[in-house]
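Worksheet: one structure, shown below.
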Amino acid sequence: MTQEIIDRINLLAREGDPFLFVINYRGDDAYIRKLADIDPRECLYDFEGTGNVEETTARALPSSVTWEVDAPQYDDYSRSLNIVKSNILAGNSYLANLTCKVPVRCNLSLDDIFLHAKGKYKLLLRGEKSRGRRFVCFSPERFLKIHDGWIYSYPMKGTLDASIPNAEDILMADRKEAAEHATIVDLIRNDLSRVATQVRVDRYRYIDVLHTNKGDILQTSSEISGQLPDNYREHLGDIIAAQLPAGSITGAPKRKTVEIIQEAEGYDRGFYTGVMGIYSEGNLNSAVMIRFVEQDAEGRLAFKAGGGITAKSDCRKEYEEVIQKIYLPFE
């Protein structure tokens, strides 16, 4: 994260007024505003019920929602995955999060998607298309929480179609998913240890259910916590920067894995897999920006999605998991 962004967040946290921050994946672009200064024509947000959206602004969905996905060519995905796996087998990485930019066609506006999507963390930014600043995000994954001087992280790794018979048992018994989750929990625990003491895993590998327009998905998460120093309010920007980019959307070891996925993906993630959050009165609630639809300068839509790759990953299974994650969270 650039020093300018760090300093801006440190200053706002010291001043004490509640504010919103949205930081891109590279940490070199950000939308940061005091909540009182946010123009709803520029940005809409809803973080677990805290937001600036009037319920009356939502219009009815059309009787039929068009959702067409131009799935990536399997051979293209296979080439990207092979770059990652060859590095893993060479010992350069243990786990890497490989993502794709997938064109989609939909008869809904970004406003429609935001207003009707079900999600813990929702954001609509209507900024410059040329800078990747026009998108809607409906993320189920919390990034950091700060409450009463304690910091919490909730890495989310491991998914499965909930309609599969005995889906919960299958997911929990999957060795590849279990190894991937363990790696990320260890990485996040180390990241939190950079800014906190008494770091511990409070809950390990529990299951959440996500509702989508294609059916329910099971996803596993863990909770990790630590105690912050008394003066953490003065250094909030530094605390956030020390955790970026988020471990769940990069891999381990983080620095080398970031280089590997940049080579393998071949596109700019932009704000996708960045972080967004609200800070107020010493408390923070934030999310990783996954489940993400972006609009480009020509008005075309793209959904960005991905998943974790290990030495045991099966290419076809990973490809199908990416396609499964390209959804609208409508019930």
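Just a few scattered comments:
- Complete set of residues in segment 171-206 that are within 20 Å of Ile326 (Cα to Cα) and either within 20 Å of the chain's Cα centre (by Cα) or modelled with pLDDT of 90 or more (or both): Glu177
- Restricting the first member to segment 63-83 and to residues that are under 20 Å from Leu110 (Cα atoms), and the second to residues that are exposed (fewer than 12 other Cβ atoms within 10 Å of the Cβ) and modelled with pLDDT of 95 or more, the beta-carbon pairs closer than 8 Å and six or more apart or on different chains are Thr66/Arg105; Trp67/Arg105; Glu68/Arg105; Asp70/Arg105.
- In segment 239-249, the residues that are surrounded by 24 or more Cβ atoms within 10 Å (Cβ to Cβ) and polar (S, T, N, Q): Ser248
- Of all residues in segment 180-204 being buried (at least 20 other Cβ atoms within 10 Å of the Cβ) and aliphatic (A, V, I, L, M), the one that is nearest to Glu234 (Cα to Cα): Val195
- Qualifying residue in segment 91-99 (condition: hydroxyl-bearing (Ser, Thr, Tyr), in contact (Cβ under 8 Å) with a residue 24 or more places away in the chain and in a loop (DSSP other than H, G, I, E, B)): yes
- Residues located in segment 91-104, provided they are modelled with pLDDT of 95 or more and either on the phi > 0 side of the Ramachandran plot or open to solvent by 50 Å² or more (accessible area, probe 1.4 Å) (or both): Gly91, Asn92, Lys101, Pro103
- In segment 205-215, the residues that are more than 24 Å from Thr310 (Cβ to Cβ), in contact (Cβ under 8 Å) with a residue 60 or more places away in the chain and open to solvent by 30 Å² or more (accessible area, probe 1.4 Å): His211, Asn213, Lys214
- Scanning segment 121-139 for any residue that is over 16 Å from Ile290 (Cα atoms), touching a helix residue (DSSP H, G or I) at 6+ places or on another chain (Cβ under 6 Å) and either of a type in the set (Phe, Trp, Tyr) or free of Cβ contacts under 8 Å to residues at least 60 places away in the same chain (or both) turns up nothing.
- Residue match in segment 290-309 (condition: open to solvent by less than 10 Å² (accessible area, probe 1.4 Å) and assigned to a loop (DSSP other than H, G, I, E, B)): no
- Matching residues in segment 140-179 - criterion: being part of a strand (DSSP E or B), on the phi < 0 side of the Ramachandran plot, in contact with a helix residue (DSSP H, G or I) (Cβ under 8 Å, 6 or more places away or on another chain) and crowded, with 20+ Cβ neighbours inside 10 Å: Leu144, Ile146, Ile151, Ser153, Met156, Lys157, Leu160
- In segment 262-273, the residue that is most open to solvent (accessible area, probe 1.4 Å) out of those that are over 19 Å from Ile23 (Cα atoms) and at pLDDT 95 or above is Glu263.
- Strands (runs of 3 or more DSSP E) enclosed by segment 1-90 - at least 1 residues per element that are open to solvent by 70 Å² or more (accessible area, probe 1.4 Å), charged (D, E, K, R) and at pLDDT 95 or above: 30-34, 67-69
- Search result, residues across segment 105-139 that are buried (at least 18 other Cβ atoms within 10 Å of the Cβ) and over 18 Å from Met276 (Cβ atoms): Leu108, Asp112, His116
- Checking each residue in segment 250-261 for being of a type in the set (A, V, I, L, M), modelled with pLDDT of 95 or more and more than 11 Å from Arg26 (Cα to Cα) picks out Ile260, Ile261.
- Residue check: Met276 meets all listed conditions (1) within 16 Å of Arg26 (Cβ to Cβ); (2) surrounded by 19 or more Cβ atoms within 10 Å (Cβ to Cβ); (3) out of contact with any Leu (no Cβ under 6 Å at 6 or more places or on another chain) but one, namely (3).
The values are calculated or read from the model by the stated rules, or taken from the named source; none is laboratory data. Quick caveat, the model's predicted, so the values are computed rather than measured. Here the Cβ is made from the backbone with ideal geometry for all residues, glycine too, and neighbour counts use every protein chain on show. Areas reflect the complete protein model, heavy atoms only, side chains present, ligands, DNA and RNA absent. Shrake-Rupley method; radii C 1.70, N 1.55, O 1.52, S 1.80 Å.
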